[in-house]
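To start, the structure itself, in structure tokens.
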Amino acid sequence: MTAVDKSSLTSVIATVQRDITHPFFTSVLRQQDDTLLQRGGNKGLKIYDEIERDAKVFSALQKRKLAVIGRPWQVDPASNSARDKAAAEMVKRNLMRINFDTVTLNALDAILKGFSVSEIVWQPDGKEFGINRIMPRNARRFTFDLDYKPRMLTWENLMVGEALPERKFIIHSFGGKDGSPFGLGLGTRLFWPAFFKRQDISAWLVFLDKFASPTAVGKYPSGAPASDIDALMEAMQSIAQETSIAIPENMLVEFLEASRTGGSDAYERMARYMDEQIEEIILGDSGGGKGGGGAIAAAAITKKEVRIELVKADADLLSDTLNASIAQWLVDLNMPGAGVPRISRIVDEPTDLLAKSERDKNIYAIGYRPTLKYVHETYGGEWEPVPSAFGKPATALPLADDLAEFAESDLARLASQIALEGALTSTIDGAAGKLQPLAASLLQPLIDALQKADSFEAAFNVIAEAYPMMDSDKLTELLGQAEFVAQIVGEAG
């Protein structure tokens with residue numbers, strides 16, 4: 001068996017210096033975005049700023065960014081130790097001092113361009129080395145060396161830039177496949193749909209100018225002087241702006257109507273198609289459900305799920321950047337050795353309690369019931385067992401656990417209803433004073449049967465025998481009285 005060279009496992013082999021896709025004669029990294037290389041020219045990343053001027057691109061990007069901003073943020077300590085909790089409070093205090101949502105919004109510009117740059121201005125106040133403000137910087141001003149460290153391009157050094165101090169600039173990268181800090185933003189995919197849409201609308205405007213209004217044709221007699229011809233041309237040029245014109249009597253103006261009828265909506269279809277492509281690139285789904293109501297509903301659900309996943313991904317990626325920069329640097333400068341807290345956004349969707357209650361009901365129907373702890377944690381509020389027909393909590397009855405199914409039966413609910421109606425009668429000056437004796441008489445056979453039972457099986461057997469002994473006539477009378485009492489209580493209230 002060949003011995004394993006473990007030293008080779010702990011070193012980086014595919015370094016940038018050995019990368020055949022990188023020019024060997026430069027000391028800075030080269031952009032790998034083909035769109036920038038082919039179409040950027042001297043503008044570079046500025047072509048992506050121009051793309052963002054498109055209304056659909058801007059709208060979709062704003063939706064994606066603001067979906068992250070709209071989620072609450074938190075800072076969690078690395079552990080439950082007092083020192084780690086203090087470090088988390090220190091980081092949270094610094095983030096609250098600045099407009100953290102604006103910082104987040106600026107950093108998310110990396111979604112379009114591949115990377116974004118923010119500069120931290122620190123402020124020592126005697127107690128800690130805190131953050132005064134964080135300012136966005138134009139990504140066009142920066143490049144990276146072979147160790148992936150940022151360098152700022154200046155007038156004195158336009159090619160490789162100047163080295164920057166540590167713990168000063170936050171670099172957030174997006175979409176890169178090879179670890180390059182340049183990343184690979186959505187701009188490289190949005191360029192062509194936005195470009196084609198722009199060309200389409202330009203042609204559409206020409207089409208409207210040509211076919212939406214008639215072309216004026218002026219006719220003049222043979223041998224007309226040049227001054228008359230010039231006057232006729234001026235008159236025709238005024239047709240588009242003026243409501244009336246004057247021309248010599250021996251001249252004629254006619255209108256040439258466009259006869260084209262087919263394909264007039266091709267430009268609009270093209271523009272809408274490009275808008276759909278733009279939305280799908282940025283938001284993951286254009287949401288254009290086709291077919292009946294079911295297909296549209298399914299498309300809407302899918303669209304929502306895809307967008308939630310995008311929000312989670314954007315928030316998590318940015319949190320990783322902020323934890324490796326802001327959180328780490330604050331701890332290094334103020335509490336060295338403490339655990340680095342985690343900055344994150346809460347993206348979980350609120351629980352649909354109605355749907356969850358329906359699910360719990362269905363699970364109960366197949367033989368499983370929730371615990372009181374689960375009810376508290378899921379639905380909140382304060383809960384206690386429903387009182388039984390005997391005025392005591394159901395959990396205090398003999399065989400309460402074994403008779404859970406009986407407690408949920410129609411008979412048990414009827415007993416609870418009777419006890420409730422009995423309580424109501426106490427507020428009505430004896431209007432239905434016989435309710436309690438009737439309820440006791442109705443349930444007495446059942447109570448006697450349960451007292452005789454000494455096991456789960458015996459309880460159900462005696463219940464089955466006792467049920468026919470219950471007086472249905474009295475039950476009918478009782479329900480009639482209960483309805484009467486309810487009406488009285490309602491009127492009294």
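Miscellaneous remarks
- Residue satisfying condition, being more than 27 Å from Glu280 (Cα to Cα) and either surrounded by fewer than 19 Cβ atoms within 10 Å (Cβ to Cβ) or touching a helix residue (DSSP H, G or I) at 6+ places or on another chain (Cβ under 6 Å) (or both), within set Gly41, Gly70: Gly41
- So Ala139, is it under 30 Å from Glu279 (Cβ atoms), touching a His at 6+ places or on another chain (Cβ under 9 Å) and of a type outside the set (D, E, K, R): no
- Criterion violated by Asn138 - all others in (1) closer than 20 Å to Leu330 by Cα; (2) exposed (fewer than 14 other Cβ atoms within 10 Å of the Cβ) satisfied: (1)
- Single condition Ile13 does not satisfy, out of (1) in the same structural domain as Phe142 (by TED's automatic domain parsing); (2) surrounded by fewer than 14 Cβ atoms within 10 Å (Cβ to Cβ); (3) of a type in the set (A, V, I, L, M): (1)
- Taking the criterion of being assigned to a strand (DSSP E or B) and without any contact (Cβ under 8 Å) to a residue 24 or more places away in the chain, the residues of segment 149-171 that qualify are Met152, Glu162, Ala163.
- A residue that is among the polar types (S, T, N, Q), over 28 Å from the mean Cα position of the chain (by Cα) and part of a strand (DSSP E or B) occurs nowhere in segment 178-199.
- Flag for Lys6 being among the charged types (D, E, K, R) and within 33 Å of the chain's Cα centre (by Cα): no
- Members of segment 11-61 that are outside any loop (DSSP other than H, G, I, E, B) and either of a type in the set (Ser, Thr, Tyr) or without any contact (Cβ under 8 Å) to a residue 40 or more places away in the chain (or both): Arg18, Thr35, Leu37, Gln38, Gly40, Tyr48, Asp49, Glu50, Ala55, Phe58, Ser59
- Close pairs (7 angstrom Cβ cut-off, 6 or more residues apart or separate chains): under 12 Å from Ile326 (Cβ atoms) and touching a residue at least 60 places away in the same chain (Cβ under 8 Å) in segment 83-103, of a type in the set (D, E, K, R) and surrounded by 14 or more Cβ atoms within 10 Å (Cβ to Cβ) anywhere: Met90/Glu128
- Restricting attention to segment 103-129 and to residues that are farther than 30 Å from Asp34 by Cβ and at pLDDT 95 or above, the residue that is surrounded by the most Cβ atoms within 10 Å (Cβ to Cβ) turns out to be Val103.
- Taken over segment 162-174, the criterion of being out of contact with any Phe, Trp or Tyr (no Cβ under 7 Å at 6 or more places or on another chain), surrounded by fewer than 20 Cβ atoms within 10 Å (Cβ to Cβ) and either among the aliphatic types (A, V, I, L, M) or at positive phi (or both) is satisfied by Ala163, Leu164.
- Sole exception among (1) modelled with pLDDT of 90 or more; (2) within 30 Å of Leu146 (Cα to Cα); (3) surrounded by 13 or more Cβ atoms within 10 Å (Cβ to Cβ) for Phe196, by number: (2)
- A count restricted to segment 206-231 and to residues that are at pLDDT 75 or above and loosely packed, with under 10 Cβ neighbours inside 10 Å stands at 4.
- In segment 337-356, the residues that are surrounded by 12 or more Cβ atoms within 10 Å (Cβ to Cβ) and modelled with pLDDT of 80 or more: Ala338, Gly339, Val340, Pro341, Arg342, Ile343, Ser344, Arg345, Val347
- One residue from Ala87, Ala67 being in a helix (DSSP H, G or I), closer than 25 Å to Gly187 by Cα and aliphatic (A, V, I, L, M): Ala67
- If you go through segment 121-162 and pick out every residue that is over 26 Å from Thr104 (Cβ atoms) and touching a Pro at 6+ places or on another chain (Cβ under 9 Å), you end up with 1.
- Hey, Asn99 out of contact with any strand residue (DSSP E or B) (no Cβ under 6 Å at 6 or more places or on another chain) and more than 30 Å from Thr35 (Cβ to Cβ) or not: yes
The values are calculated or read from the model by the stated rules, or taken from the named source; none is laboratory data. Not measured: the values here are computed from a predicted model. Cβ coordinates were reconstructed from backbone atoms using ideal geometry, including for glycine residues, and neighbour counts include every protein chain displayed.
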